[in-house]
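Right, one structure below, let's go through it.
All of the numbers you see were taken from the coordinates with simple rules; none came from a lab. What you see is a predicted model; the values in this text were computed from it and never measured. Note that each Cβ is placed from the backbone with ideal geometry, even for glycine, and that neighbours are counted across all protein chains shown.
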Amino acid sequence: MNLLPVFIVGLVGSVHCVGMCGGIIGALSAAPGPVIRIRPLHRQAGTVLAYNAGRIGSYMAAGALAGGLAGGVLALTRISALQIGIYWLANLMLAALGLYLMDVWHGLARLEKAGQFLWRRLQPLLKPFLPMDSALKALALGGLWGWVPCGMVYSVLLTAMLSGSAVAGAGVMLAFGLGTLPAVVSLGLLGVRLRLCMQRRGVRLACGALVLGFGLLGLVRAASGVSLGWLDALCLTGHA
């Protein structure tokens, strides 16, 4: 499987991460206590990196589950139509994500609301890790935050399902998480200024259009049933 498109989806889709997770990531740059103090840069960096290590680790765990379970089902059933169906769904979700980022269609927002049931069960687990005054707490908090209902993560998890194994599924989510890393780490260090910049309409439209293009390209490949030559390298999923 070509992981470059997955990385790019994470990179450009991180405008959604900035909007969704901006508040809590911004809190990592402030010290706890009655008076908010700006911490030294090296302490900020350590805490932010620990938070993101936990977040990406939870993505990889989810990818391993998705890839392992789906791979086992496909191996047992040997139904190629099932794999093709997941391929179509993965690229439809990717197209929906592009429209979501462009603020054109908000269907994935409703999907995120449906996932709030899980998140309500996880929220009480956050209390022991607040205030976030150590890298260990940030690591644990990031691991929990990675399970926040997110349409973008759901989209890439469908690709992890097509990977065929737990290891490959974890690899897909690692590539995705690394793609989100530059923006999310920068947000933790730069705060509101970056958040405002990345939430500009022009930025969201450009990033959403690129993600939409990946999805449409995958759908064209699925509909034609033939290789698109070098364009296959830009398809999110590897085999139909």
key: Spin-label model distance (nm) - Leu82 vs Leu216, 7 Å beyond Cα toward Cβ   = 3.3
ask   = Could you work out Rg/(2.2 N^0.38 Å) for segment 47-185, with Rg from alpha carbons only?
value = 1.12
query = How long is the gain from Ala209 to Val104 if the chain were fully straight, where each residue apart is worth 0.36 nm and the alpha carbon distance is subtracted?
reply = 36.7 nm
inquiry  = I need the Kirkwood Rh of segment 106-205: take the reciprocal of the average 1/r across all distinct C-alpha pairs and report it in angstrom.
reply    = 15.7
message = What does the C-alpha gyration tensor say about the overall shape of segment 50-94? Classify as rounded when a/c is under 1.5, otherwise prolate if a/b is larger than b/c, or oblate.
response = oblate
request  = State, to one decimal in nm, how far the label point of Arg121 lies from the label point of Val167, with both points 7 Å from Cα in the Cβ direction.
outcome  = 3.0
